[in-house]
1. Under the Karplus relation 6.51 cos²θ - 1.76 cosθ + 1.60, θ = phi - 60°, what is the ordered set of whole-Hz ³J(HN,Hα) values for the range 56-64, x standing for Gly and Pro?
2. Once you compute Rg and the Kirkwood Rh from C-alpha atoms, what is the Rg to Rh ratio for the range 33-174?
3. Could you work out the relative contact order of the chain? I mean the mean sequence separation of Cα pairs under 8 Å and 6+ apart, divided by the number of residues, in percent.
4. Quick one: what does P(r) look like for the range 1-107 with 5 Å bins over all Cα pairs, in whole %?
5. Past 28 Å, Cα to Cα, is the threshold; run 72/301; 72/227; 231/306; 141/163; 163/289; 180/231 against it and keep the listed order.
6. Per 10 Å bin from zero, what fraction in whole % of the C-alpha pairs of the chain is there, up to the bin with the longest pair?
7. So which residue, out of 149, 291, 138, gets the largest mean-square fluctuation from a GNM of the chain using Cα contacts under 10 Å as springs?
8. Two-decimal Rg/Rh of the range 164-229 from alpha-carbon positions, Kirkwood Rh?
Amino acid sequence: MTHNNLKDELLAAMKEAHTRFSGSEGGKNADYIPFLANVPSDLFGIAACLPDGDVLAVGDTDYRFGIESVSKVPTAILAMEQYSAGEVLDRIGADATGLPFNSIMAILLENDHPSTPLVNAGAISACSMIKPTGDADGKWKAIVGFIEGLCGSGVEVIDELYKSESETNFNNKSIAWLLKNYGRIYDDPDMSLDIYTRQCSIGITAKQLAVMAGTIAFGGSNPITCKHVFKPHLTPHIVSLMATVGFYENTGDWLFTTGLPAKSGVGGGIMGVIPGVVGIAAFAPPLDKAGNSVKAQNALKYITGKLGLNIFAPAGARQPVKAAKV
Ligand code: GLN
């Protein structure tokens with residue numbers, strides 16, 4: 001598929017997916033974080049970022065929603081950038097838990113590893129690693145600056161979401177202190193958890209997520225600003241983490257069906273990466289039981305299926321595949 005073909009076919013598939021799924025029912029806004037229950041449920045946007053910096057957008061792609069667990073991706077990259085992929089593997093790990101994102105059982109089972117930076121335990125541990133350690137403001141600036149570098153535009157915390165999440169994150173408090181018990185948190189546990197909660201409360205648009213995905217897909221080079229945000233060899237590491245645990249206990253089914261490494265968040269966003277080809281994102285608040293946006297999954301499944309964008313397909317076989325129907 002030539003680049004221009006990809007652009008046209010992608011936009012057509014995005015429009016079709018939006019029409020096809022915008023009226024569909026299914027799923028429910030997250031409500032364990034009270035703020036999220038009140039986000040309008042019918043918002044629905046799809047965006048994609050191509051290597052030339054073109055951003056394709058359909059629907060509600062300028063609405064700022066809570067990034068939530070998608071934020072685990074930039075922080076994991078930043079930890080690898082500041083230390084090394086090997087050190088993140090040693091200190092956190094890269095094994096899928098097969099369990100819900102906030103599982104305490106997973107920590108007990110793998111007491112010597114939080115297991116992956118893309119579940120709550122590993123993400124809190126990654127926040128604890130971010131330099132400068134011992135300096136909450138410095139860490140926060142490093143994380144926000146990195147996210148802005150990936151998106152090529154500014155982001156801000158949604159204060160009400162941060163408050164709502166801070167008032168109700170009892171389970172995450174237990175995780176932070178359990179990690180301390182196992183020697184798997186590398187800074188003050190309460191401060192590391194607060195950084196994690198703040199990063200989850202960042203407001204982001206589907207367009208910004210698509211550019212973040214594009215920067216990851218294109219080896220750490222932001223296709224809009226043309227700045228090098230992280231070392232190219234980290235792309236396969238982060239994409240492998242997204243592929244193995246991006247949808248928590250549903251990750252295997254997702255990957256089997258789509259071949260799209262992606263990461264979801266309970267704010268309703270999903271960010272997908274096809275290395276070297278495209279970064280793609282979708283947003284719609286109602287979630288399935290594992291905490292993954294129903295419409296965003298359907299849209300990405302439809303689009304990548306239609307275009308044959310599957311990381312496991314032989315390169316020449318990037319054309320419509322039956323797998324999309326599974
Ligand atoms: N901030 C949320 C939490 O810690 C993120 C969860 C998610 O998006 N899956 O519970």
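Rule-based calculations on the coordinates, nothing more; no lab input. Computed from a predicted model, the values in this text were never measured in an experiment. Here the Cβ is made from the backbone with ideal geometry for all residues, glycine too, and neighbour counts use every protein chain on show.
1. 8, 9, 9, x, 7, 9, 10, 6, 8
2. Details: Rg = 16.6 Å, Rh = 16.9 Å.
Rg divided by Rh gives 0.98.
3. Values: 724 pairs, mean separation 83.6, N = 326.
Relative contact order, the chain: 26 percent.
4. In order of increasing distance, the bins hold 2, 8, 12, 14, 15, 15, 17, 12, 4, 0 percent.
5. Where the Cα-Cα span goes over 28 Å, the pairs concerned are 231/306; 180/231.
6. 6, 30, 38, 21, 5, 0
7. 138
8. Values: Rg = 16.2 Å, Rh = 14.2 Å.
That ratio is 1.15, to two decimals.
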